[in-house]
Amino acid sequence: MERTISMVPRARVLAGVGGIVAALLWIAFAGIAPAHGAQTITMAGKGKNLRFGGAKAVRPGAQLRVVNKTKPAQVGPHTLSLAQKKLLPKNRRQEQRCFDEGRICFDVAVAHEFDFVTGEVGAPLVDAGLEGWDTPFTADAEGDSWYTETRDESFSQAVSAESGRTLHYFCAVHPSMQGKIEVR
């Protein structure tokens, strides 16, 4: 008889804990797109106020859409390039030297097949690693990057990075434009 009585409270406790866990998971993922829903990062601003805005988190497999909302005739083209955080310029001097050979902006330009004489871009999309957003530029290897020079142009592809990763990104043309997105 005691066993039956002691199991009823235990079942209620387990059901209560399960409800709390479900509620916490719902709260943790509130505001994050469903697995196949789109999240958006925008390129915006004027002059020295250029910035990335939008999504701060995305689920693996979700579409990540990048939209250029600037006027390229005024500010020039942009990239959204994944890179290791340690390679991103941290101050004005590093930004000014970013296109030196062997630096991250130079490496992104080379990956996009940028012609330093004509200004032509041979490869608007650089997709290293798995198909989709997952691979950052490193000191030794290309990463994922998209180039745009048209206002309101957008590009979408799935996030192939695994949950728990943080994708750091920047614009190789305007290296002070930087952001990150959590993959959850």
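Summarising the amide proton neighbourhood of His174: residues at separation of 5 or more, or on other chains, whose placed amide H is nearer than 5 Å comprise Thr79. With N counted as the residues of region 51-184, its alpha-carbon radius of gyration over 2.2 N^0.38 Å works out to 0.98. Modelled spin labels at Lys85 and Thr40, positioned 7 Å past Cα toward Cβ, are 2.8 nm from each other. When all alpha carbon pairs of region 121-160 are counted in 5 Å bins from zero, the resulting P(r) reads 6, 22, 27, 24, 15, 5, 1 %.
How far apart, in nm, are two points set 7 Å out from the Cα along the Cα-to-Cβ line at Lys48 and at Arg93? It works out to 1.9 nm between the two label points.
Please compute the net charge surrounding Gly179, taking Lys and Arg as +1 and Asp and Glu as -1 over other residues with Cβ under 10 Å from its Cβ. Its environment carries a net charge of +3.
At a Förster radius of 22 Å, what calculated FRET efficiency corresponds to the Cβ-Cβ distance of Ala139 and Ser176, to the nearest 0.05?
Calculated value: 0.60.
Around Lys85, with a cut-off of 14 angstrom between Cβ atoms, what is the net charge of the other residues, counting Lys and Arg +1 and Asp and Glu -1? With Lys, Arg at +1 and Asp, Glu at -1, the net is +3.
Work through the residues other than Gly119 whose Cβ is under 14 Å from its Cβ and net out their charges, Lys, Arg +1 and Asp, Glu -1. Display every interim value, and only then the final one.
Working: positive: none; negative: Glu113, Asp115, Glu120, Glu149.
Once positives and negatives cancel, what remains is -4.
We did not get these values from a lab; they are worked out from the coordinates using the rules stated. Since the model is a prediction, treat every value here as computed from it, not as a measurement. Ideal geometry is used to build each Cβ from the backbone, glycine not excepted, and the neighbour counts take in all protein chains shown.
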